[in-house]
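To start, the structure under review is shown below, and the notes come after it.
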Amino acid sequence: MKLKCEVQVSNRHLPTLNIRKHGRPAFTFVSLGRKPGHYKDGKIYLLLCTAQNRNGTHYLLTNNVEQIFSKFICEGKATIRLSSPADDISFSKADPNHLSILIKMVKLASEGKPFPENVLSSLTPASAKQIEKPSSSLHITSPSQYPMSFPKSLLELTVNNCLLKRVSPMITALTNLSVLDLSNNMLPHLPESFSQLVVLHTLNLSHNKLTVLPPVLYKSDIRKSLMYLDLKHNEIQCLPRDMTQFLKLHSLNLGKNQIKHLPESTSFIKSLQNLFLPDNLLEYLPATLLSKFFDTMDFSNNKFVISQAATDRSAIFPFPTLVELAARTIISHSVSYTSEDLDVHSVCYLNQAHFCICGQPCFESKVCRFIQGKLQCRTNYGNDYIPFNAYLCSKKCLQRFDKI
């Protein structure tokens, strides 16, 4: 049994002797087996080899383990508490599956139970290659630097100026990636296999050929981890209402695209604090933005204009039909639907939903208002007052809107 991870060994008696020794975790090659020449005594040892000590340190496990802490084993963390010496061996940044197997074997060894011989390793000094810390970051800036394969240990990957027209399966197989920069390429879309990057929190897709916000980003588990998304300098023309599926998105950059309208649901992304849409084709903003506070927003160099002709001055709300009431319920409760569940007309009807400033969807039973308003945040726009378009679902919302 072998494992590569970071290990920290701390002695529990040092604090009682008023000795403070804070050792740092070191990249370690971990082996589980019997000492050479001691195969008959049946004792199992743990061998820890580091760059400073390639011969390693042996720790007896048989009848020598006080306690095992494995609550965070799914995060690649665990601790083995030994009786003699009084050391705590803490593992971190380990592969959760491999660490789980190691902990199970340690438990068997500590209890003196029958042990599967095929998992035992020879406890010999580690080679230079075995204790070499795996790469966690890789930067590629030209096609000539593009490798035949990528290290599985990568946490950060940058691939710029490589004329990529598709994302290689080798990249989407790097499931430990937390930062990915694919800017300055020619990507028209993202593959479904992109959904494998479930711990990705920073993604840069600027300066590509994207025409839509890739659905895989907000329809897969990536939506649960993604925090920073850069899509500037693409060819995106519209944004989906389903952007609200992002759970942790903090910053969204959509500058230098061809976006004409911003969905009312944008303000319902609860975690969103920074929104950048300079150099687009925006004529107005949804009034739902007025009900949310952002840290920073940039709407410079757009084509803002107030269309008084489109403003509905009526305060008469037609009573919603049964169709609209059903549609409002579906949208409000985020009921998923496809063309297999509903007919084409119903799907089209649901896709035409607008959102009131109260957050509720509305269809025919609504009134429209255009006003000039001021955002409550740091903005980059020559005029502090920006045109807003509001869809209002009831008289109560209309009265509230008139007070803004």
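The values are calculated or read from the model by the stated rules, or taken from the named source; none is laboratory data. Bear in mind that the values here come from a model prediction, so they are computed numbers and not experimental data. Here the Cβ is made from the backbone with ideal geometry for all residues, glycine too, and neighbour counts use every protein chain on show.
If you scan segment 97-113, which residues turn out to be surrounded by 14 or more Cβ atoms within 10 Å (Cβ to Cβ) and within 36 Å of the chain's Cα centre (by Cα)?
The answer is H98, L99, S100, I101, L102, I103, K104, M105, V106, K107.
Charged (D, E, K, R), more than 19 Å from I140 (Cα to Cα) and not assigned by TED's automatic domain parsing to the domain that holds D95 - does that describe any residue in segment 175-191? Looking for residues that are charged (D, E, K, R), more than 19 Å from I140 (Cα to Cα) and not assigned by TED's automatic domain parsing to the domain that holds D95, one finds none in segment 175-191, hence no. If you scan segment 255-284, which residues turn out to be out of contact with any His (no Cβ under 9 Å at 6 or more places or on another chain) and part of a helix (DSSP H, G or I)? Once the filter is applied, which keeps residues that are out of contact with any His (no Cβ under 9 Å at 6 or more places or on another chain) and part of a helix (DSSP H, G or I), segment 255-284 yields S265, T266, S267, F268. Criterion applied to F91, F27 was being hydrophobic (A, V, I, L, M, F, W, C) and surrounded by fewer than 19 Cβ atoms within 10 Å (Cβ to Cβ), and the one residue passing it is F27. Looking only at segment 70-93, filter to residues that are in contact (Cβ under 8 Å) with a residue 40 or more places away in the chain and touching a Ser or Thr at 6+ places or on another chain (Cβ under 9 Å); which one of those is nearest to F27 (Cα to Cα)? By that ranking, first place goes to F91.
The combined condition, being over 30 Å from S332 (Cα atoms), within 21 Å of the chain's Cα centre (by Cα) and surrounded by fewer than 17 Cβ atoms within 10 Å (Cβ to Cβ), is not fulfilled by P188. Across segment 99-119, not a single residue is classified as among the polar types (S, T, N, Q) and assigned to a loop (DSSP other than H, G, I, E, B).
Just a yes or no: is a residue in segment 101-121 of a type in the set (S, T, Y) and free of Cβ contacts under 8 Å to residues at least 40 places away in the same chain? No. From the list P116, P143, P134, the lone residue that is of a type outside the set (V, I, T), exposed (fewer than 14 other Cβ atoms within 10 Å of the Cβ) and more than 26 Å from S92 (Cα to Cα) is P143.
Note on segment 12-40: residues that are part of a strand (DSSP E or B) and either modelled with pLDDT of 90 or more or charged (D, E, K, R) (or both) total 8.
Considering (1) within 19 Å of the chain's Cα centre (by Cα); (2) closer than 25 Å to I259 by Cβ, the lone condition that S178 does not fulfil carries the number (2). For the subset of segment 120-138 comprising residues that are assigned to a strand (DSSP E or B) and under 35 Å from the mean Cα position of the chain (by Cα), which member is farthest from S70 (Cα to Cα)? Here the residue is L138.
Among residues that are charged (D, E, K, R), surrounded by fewer than 17 Cβ atoms within 10 Å (Cβ to Cβ), out of contact with any Asp or Glu (no Cβ under 6 Å at 6 or more places or on another chain) and touching a residue at least 12 places away in the same chain (Cβ under 8 Å), E264 is not included. Segment 304-404 holds no strands (runs of 3 or more DSSP E) entirely within its bounds that carry 1 or more residues that are assigned by TED's automatic domain parsing to the domain that holds L290 and modelled with pLDDT under 85. Restricting L190, L157 to those that are assigned to a loop (DSSP other than H, G, I, E, B) and among the aliphatic types (A, V, I, L, M) reduces the list to L190.
Filter segment 236-261 down to residues that are surrounded by fewer than 19 Cβ atoms within 10 Å (Cβ to Cβ) and touching a strand residue (DSSP E or B) at 6+ places or on another chain (Cβ under 7 Å), then give me how many there are. Summing the residues that are surrounded by fewer than 19 Cβ atoms within 10 Å (Cβ to Cβ) and touching a strand residue (DSSP E or B) at 6+ places or on another chain (Cβ under 7 Å) in segment 236-261 gives 2. Across segment 214-230, not a single residue is classified as surrounded by fewer than 19 Cβ atoms within 10 Å (Cβ to Cβ), assigned by TED's automatic domain parsing to the domain that holds S149, in a strand (DSSP E or B) and of a type in the set (A, V, I, L, M, F, W, C).
Residues are listed down the side, and each one gets a yes or a no for (1) under 19 Å from S110 (Cβ atoms); (2) in contact with a strand residue (DSSP E or B) (Cβ under 7 Å, 6 or more places away or on another chain); (3) surrounded by fewer than 18 Cβ atoms within 10 Å (Cβ to Cβ):
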{"site": "I44", "(1), (2), (3)": "yes, yes, no"}
{"site": "G56", "(1), (2), (3)": "no, yes, no"}
{"site": "L61", "(1), (2), (3)": "yes, yes, no"}
{"site": "E66", "(1), (2), (3)": "yes, yes, yes"}
{"site": "E75", "(1), (2), (3)": "no, no, yes"}
{"site": "A78", "(1), (2), (3)": "yes, yes, no"}
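When residues in segment 146-158 are screened for being charged (D, E, K, R), over 18 Å from S183 (Cα atoms) and either touching a helix residue (DSSP H, G or I) at 6+ places or on another chain (Cβ under 9 Å) or surrounded by 14 or more Cβ atoms within 10 Å (Cβ to Cβ) (or both), 0 of them pass.
Matching residues to (1) among the aromatic types (F, W, Y); (2) in the same structural domain as H58 (by TED's automatic domain parsing); (3) within 28 Å of T28 (Cα to Cα); (4) in contact with a strand residue (DSSP E or B) (Cβ under 8 Å, 6 or more places away or on another chain):
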{"site": "S127", "(1), (2), (3), (4)": "no, no, yes, no"}
{"site": "S144", "(1), (2), (3), (4)": "no, no, no, no"}
{"site": "P147", "(1), (2), (3), (4)": "no, no, yes, yes"}
{"site": "S153", "(1), (2), (3), (4)": "no, no, yes, no"}
{"site": "L157", "(1), (2), (3), (4)": "no, no, yes, yes"}
{"site": "L163", "(1), (2), (3), (4)": "no, no, no, no"}
